[in-house]
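These notes are about the structure you will find just below.
The values are calculated or read from the model by the stated rules, or taken from the named source; none is laboratory data. From a predicted model like this one, the values you see are computed outputs, not experimental measurements. Note: ideal-geometry Cβ built from the backbone for every residue, glycine included; neighbour counts use all protein chains shown. Remember, those area values only see protein heavy atoms, side chains included, never the ligands or the DNA or RNA. Shrake-Rupley method; radii C 1.70, N 1.55, O 1.52, S 1.80 Å.
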Amino acid sequence: PPDFVAGHSLGEYNALLAAEVFDFATGLRLVKRRGELMAGASGGGMAAVVGCEREKVHEILQKNGLLAIDVANHNAPLQVVIAGPAEDIARAEDIFFDLGATYIPLKNVSAAFHSWHMAPFAKPLGEALNEVKLQPPKIPVVSNVSARPHEITQVREYLERQLREPVEWTESIRYLLSMGVEDFEEIGPGTVLTKLIKTIRKSFAPVAAEASTTRALAITAERLGAESFRRDYKVRRAYVAGSMYGGIASKDLVVRMGRAGYLGFFGSGGLPVGEIEENIRSIQESLSAGEPFGMNLLSSPDDPESEMAVVELCLRHGIRFVEATGYISLSPALIRYRLSGLSRNAEGRIVSANKVMAKVSRPEAAEAFLNPPPERAVAELLKAGLVSGEEAQLGRRIPMADDICVETDSDGTGMGGAAVLLPALIRQRDEAGRLRNDDRVVRVGASGGIGTPEAAAAAFFLGADFILTGSINQCTVEARTSDEVKDLLQTINVQDTEYAPAGDLFELGGRIQILKKGVAFPARANRLYDIWRHHGSWDEVDAATREKIEKDYFGRSFERAYEESVTYYAGKSPQEIEKAERDKRHKMALVFRWYFDHAARLSLAGAKGQRANYQVRCGPALGAFNQWVKGTRLEPWRRRHVDVIADKIMEGAAEVLKQQLQRLAASDEAE
């Protein structure tokens with residue numbers, strides 16, 4: 001038998017058959033279904049470009065506005081096949097001819113195969129793949145998508161993606177050459193692939209340090225982060241789409257991630273309990289058993305009843321994953337969620353039914369999650385009948401979180417970037433486990449500032465067990481925010497965000513990162529905070545300033561804004577109203593906090609004529625992402641999907657780490 005097998009496009013199915021991943025009859029059914037789907041596509045065309053490197057082809061397409069054309073096959077270093085609408089393929093011929101390239105339109109091709117135009121047909125193919133039984137390859141099969149050997153858990157995904165992504169033939173052969181393959185035998189009539197391999201050989205320059213190269217080749221997107229994370233959450237990769245307040249991390253976002261084998265958290269913060277329950281039901285109806293998702297649990301010290309109500313929803317509907325955000329100290333609701341369902345397995349090990357991923361930005365906040373819950377809090381829950389005696393007993397022996405996500409570059413805490421905070425909390429985690437004498441390891445992940453493969457690679461290099469993204473997902477098709485906000489966000493650069501007061505932490509001086517470009521909210525928010533700091537009441541503010549704020553900021557009088565604040569807080573925190581009636585300065589703060597909520601609602605709705613007041617939480621990671629995808633098909637937000645972004649970042653991070661390892665290996669050899 002051969003050491004490896006590989007196939008080009010449809011030939012990959014032959015390679016999988018040779019490796020006994022499926023039998024002959026199953027293979028026939030799959031290629032029949034694949035053919036039916038491809039026959040349903042129309043209006044497209046393909047062409048071979050000879051004499052241009054892939055990067056040059058891509059650059060030419062972007063410069064000439066041919067954004068609908070995609071690279072379909074990377075057959076050899078100077079042979080690329082492109083695919084797209086038939087009229088664009090025809091228009092491209094003169095452009096490439098003028099640049100000296102050979103351009104060969106492919107005849108008898110009815111669609112833009114192996115391009116993003118085939119995306120609508122990928123899911124039905126995936127459904128067909130889900131109906132067949134696949135066996136582990138008996139011979140390594142090199143995937144067209146990853147240019148690396150298939151793992152049994154990846155075969156379905158990669159065959160589905162092969163329909164809508166390029167055939168990476170050049171990289172596949174380079175991988176085989178790097179693994180020491182010398183003899184290639186082409187099966188079937190013709191010598192097309194043999195000639196391509198001969199061309200690829202001529203440009204192949206192996207890295208001198210063989211051992212390091214082999215290790216580098218083992219770096220794949222699937223192997224980044226902790227294996228236990230992938231196993232516990234039943235995901236393909238250690239990547240999470242974090243929750244975004246007010247349902248911006250929407251039902252559609254969570255479902256899309258779950259179907260793609262990624263974990264996403266629904267942004268339940270700030271939503272009424274009834275709306276949260278509707279979304280839970282809808283998500284559960286949309287996802288199949290085993291497809292992951294979780295809910296956000298937002299710390300609400302001013303409204304513990306609402307927080308407990310969300311926990312009761314999660315327990316009633318069997319939500320097994322929550323993302324705990326904003327916790328300075330542990331709440332009874334969060335402790336109840338963590339302890340509910342605790343048991344011992346046959347080996348006597350404590351098994352937690354409910355997993356908690358805690359987002360923290362300070363070591364003291366992490367400390368609470370690295371240890372068991374406070375004894376007094378557990379006793380009170382037991383007394384109230386909210387946990388059982390066994391749950392209370394077992395809860396004293398496990399940490400409050402399975403995962404801690406280190407938030408950097410997200411607020412005004414000034415705790416430093418990932419290079420400072422992530423290693424510090426990893427050491428803190430290790431020390432906490434040693435003191436507990438516990439082999440249960442709390443995983444530590446990274447979030448904040450992750451918008452490019454390089455940033456993701458840096459987080460994994462620093463030891464992150466997983467990464468979590470936020471801002472970049474806000475500018476996708478699935479995000480719930482308005483099209484007007486997305487139009488703004490897709491244009492920003494890294495310098496287009498800044499810190500402003502946080503509405504929920506206004507009087508404590510809390511700060512958050514928000515969009516600066518195209519809006520006036522940051523300046524207005526800072527102005528209101530300065531007024532509150534230097535005045536004892538609204539009446540002390542000069543008349544001209546009051547008039548401007550009421551007209552341009554509030555869009556109504558101060559007293560009318562206060563009435564709306566009363567309506568909002570009456571059922572949620574009546575003590576706030578009582579305090580405001582006694583303390584004029586607190587009344588002013590309450591109205592200013594109302595404005596912050598009002599500005600967030602305006603941006604969520606895309607209110608016309610109110611862009612200056614849009615409050616859009618956003619970090620510079622989105623600016624970095626925009627620069628990374630500039631000139632590609634992901635530049636317009638209407639082509640951005642959360643799962644595609646996840647794939648690109650994780651696969652890009654693996655490539656960055658691999659290249660760096662190869663570079664270091666070559667440097668060592670040279671010395």
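Peptides 459-465, 53-59 ordered by packing proxy, namely the average of other Cβ atoms within 10 Å per residue, highest first: 459-465, 53-59. If you model region 407-546 as an ellipsoid using its alpha carbon gyration tensor, with each semi-axis the square root of five times an eigenvalue, the axes come out at 36, 23, 12 Å, biggest first. Counting only other residues whose beta carbon sits under 15 Å from that of LEU125, what net charge do I get with K and R as +1, D and E as -1? Residues close to LEU125 contribute a combined charge of +2. With all protein chains present, calculate the accessible area of GLU563 using a 1.4 Å probe and round the result to the nearest 10 Å². Looks like 110 Å² after rounding.
Applying the criteria of a DSSP loop state and at most 15 other Cβ atoms within 10 Å to the chymotrypsin sites (Phe, Trp or Tyr not before Pro) of region 278-366 yields no site.
Size descriptor for region 469-614, Kirkwood hydrodynamic radius: 16.1 Å (Cα pairs only, one decimal). Calculated accessible area for the chain comes out at 44 Å² per residue, all protein chains present (probe 1.4 Å; ligands, DNA, RNA ignored). Only one of (i) 1.01; (ii) 1.17; (iii) 0.96 was calculated from the structure for Rg/Rh (Cα atoms, Kirkwood Rh), and its label is (i).
How big is the charge dipole of region 10-165 about its Cα centre, in debye rounded to the nearest 20, if each Lys and Arg gets +1 on its Cβ and each Asp and Glu gets -1 on its Cβ?
Using only the charged Cβ atoms, the result is roughly 400 debye.
Distance from the Cα centroid of region 349-396 to that of region 223-273 is 23 Å (rounded to whole angstrom). A dipole drawn for the chain from +1 and -1 charges on Cβ atoms has a positive end, and of CYS618, GLY27, ASN14 the residue lying farthest that way is GLY27.
Charge dipole of the chain (Cα centre as origin; +1 on each Lys and Arg Cβ, -1 on each Asp and Glu Cβ, all else neutral): 320 debye, rounded to the nearest 20. Think of it as helices only: each DSSP H run of n ≥ 4 in the chain is worth -39500 (n - 2.57), and spread over all residues that comes to -14000 deg cm²/dmol at 222 nm. Placing unit charges on the Cβ atoms of the charged side chains and taking the dipole of the chain about its Cα centre, the candidate lying farthest along the positive direction among TYR233, LEU134, ILE404 is LEU134. Leaving out ligands, DNA and RNA, and with a 1.4 Å probe, what % of the accessible surface on region 95-216 is carbon or sulfur? C and S fraction of accessible area: 55 percent. Name the lysines eligible as straight-distance cross-link partners of LYS133: C-alpha to C-alpha under 25 Å, and not fewer than 8 places from it in the same chain. Filter leaves LYS32, LYS123, LYS234.
When the residues LEU17, LEU508, LEU159, LEU330 are ordered by accessible surface, computed with a 1.4 Å probe over the protein chains alone, the sequence from largest down reads LEU508, LEU17, LEU330, LEU159. Distance between the pseudo-spin-label points of ALA570 and VAL420 (7 Å out from Cα toward the beta carbon): 4.6 nm. For the peptides 282-290, 43-51, the ranking by packing is 43-51, 282-290, with the highest mean count of neighbouring Cβ atoms within 10 Å listed first.
In a simple Cβ point-charge model (Lys, Arg +1; Asp, Glu -1; nothing else charged), region 543-671 has a dipole of about 700 debye relative to its Cα centre.
Estimated from the Cβ-Cβ distance and a Förster radius of 51 angstrom, the FRET efficiency linking GLN627 and ASP583 is about 0.60.
A 1.4 Å probe over all protein chains sorts ARG611, ARG639 by accessible area into ARG611, ARG639, starting with the largest. For the peptides 477-489, 368-380, 173-185, residues were scored by their other Cβ atoms within 10 Å and the scores averaged per peptide; the highest-first order is 477-489, 368-380, 173-185. Both radii come from the Cα set of region 480-532: Rg as radius of gyration, Rh as Kirkwood radius; their ratio Rg/Rh reads 1.02.
Within the straight-line cut-off of under 15 Å between alpha carbons, the aspartates and glutamates reachable from LYS608 are ASP483, GLU484, ASP487, ASP552, sequence neighbours fewer than 8 places apart in one chain being disregarded. Counting protein heavy atoms only, region 567-671 has 50 percent of its accessible area on carbon and sulfur, 1.4 angstrom probe.
Mean sequence separation of contacting Cα pairs (under 8 Å, at least six apart), scaled by the length of the chain, corresponds to a relative contact order of 11 percent. Surface calculation, 1.4 Å probe, protein heavy atoms: LYS648 sits at approximately 80 Å² accessible. Partner lysines whose Cα lies under 26 Å from the Cα of LYS198, excluding those fewer than 8 positions away in the same chain, are identified as LYS56, LYS107, LYS658.
Among the protein heavy atoms, those of SER203 account for about 60 Å² of accessible surface (1.4 Å probe, every chain in place). Ranking of ARG593, ARG663 by solvent-accessible surface, largest first: ARG663, ARG593 (1.4 Å probe, protein heavy atoms only, all chains present).
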